[in-house]
Amino acid sequence: MPFTLQPLPYAPDALQPVISAETLALHHGKHLQAYVNNLNTAVAGTHFEALPLEEIVLKAEGGMLNNAGQILNHNLYFAQFHAPKQGKNLPSSNLLRAIEQTFGSFEAFQKEFVQKGTTLFGSGWVWLSADKEGKLVITQEPNAANPIQKGLRPLLTFDVWEHAYYVDFQNRRADHLAALWQIIDWDVIASRYDY
Ligand code: MN
């Protein structure tokens, strides 16, 4: 069965002004759709056709790996947002406690996460993941890489490819990353952590 574009779980204008409807139309409707189309072309007639996305990311190489990685990354990315929240937007107590224990405070975690996203050279992703013992870790992943390639369980990600922010924030990557905290759906992140 061919891979398909995972629909957005919110209206196209729901994330404004943090992420505009125009950016979503391009980022989800054009960039992600292109990765889906490319992967379907790459796997056609191969044994990869029947594999789940995660297995392709763990086993494929070259263009097939890049397109599968970008689909997995974007599926996790687009599913983790809700409309901007006024005031403090905090994780559930369980996850908040783990973040505070690991990074000292929620604010220190946010600072390190944005700093790692800002200093990632070129295109890629910054991730919060859990290791096999459930310990939290922040990693920078270049291009289409995903933490599952390091044996980690991905929880939260910021896309630092320019296509994620250039329409709304031009070259101001750090401002875009700082604004993303308002739209993180921490219930989704917690469900990835707790299961
Ligand atoms: Mn992207």
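The values are calculated or read from the model by the stated rules, or taken from the named source; none is laboratory data. Source: prediction; values computed, not measured. For neighbour counting, all protein chains shown are included, and Cβ atoms are generated from backbone atoms with ideal geometry for every residue, glycine included.
Condition test on E54, is it assigned by TED's automatic domain parsing to the domain that holds N40 and assigned to a helix (DSSP H, G or I)? So E54 fits the description; yes. The residue of the range 35-67 that is farthest from the ligand (Cβ to nearest atom), among those that are of a type in the set (A, V, I, L, M) and exposed (fewer than 13 other Cβ atoms within 10 Å of the Cβ), is A50.
Among what's in the range 174-195 and is more than 21 Å from Q86 (Cβ to Cβ) and not acidic (D, E), pick the residue that is farthest from the ligand (Cβ to nearest atom).
Across the range 174-195, the extreme among qualifying residues is Y195.
Taking V18 as the residue in question, decide whether it is surrounded by 14 or more Cβ atoms within 10 Å (Cβ to Cβ), within 16 Å of the ligand (Cβ to nearest atom) and either in contact (Cβ under 8 Å) with a residue 24 or more places away in the chain or within 15 Å of the chain's Cα centre (by Cα) (or both).
yes
Against the numbered list (1) more than 16 Å from the ligand (Cβ to nearest atom); (2) in contact (Cβ under 8 Å) with a residue 40 or more places away in the chain; (3) crowded, with 16+ Cβ neighbours inside 10 Å; (4) among the polar types (S, T, N, Q), S129 comes up short only at (2). Residues that are buried (at least 19 other Cβ atoms within 10 Å of the Cβ) and outside any helix (DSSP H, G or I) do not occur anywhere in the range 92-103. Would a scan of the range 156-173 turn up a residue that is within 13 Å of the ligand (Cβ to nearest atom), without any contact (Cβ under 8 Å) to a residue 24 or more places away in the chain and either at positive phi or not acidic (D, E) (or both)? Looking for residues that are within 13 Å of the ligand (Cβ to nearest atom), without any contact (Cβ under 8 Å) to a residue 24 or more places away in the chain and either at positive phi or not acidic (D, E) (or both), one finds at least one in the range 156-173, hence yes.
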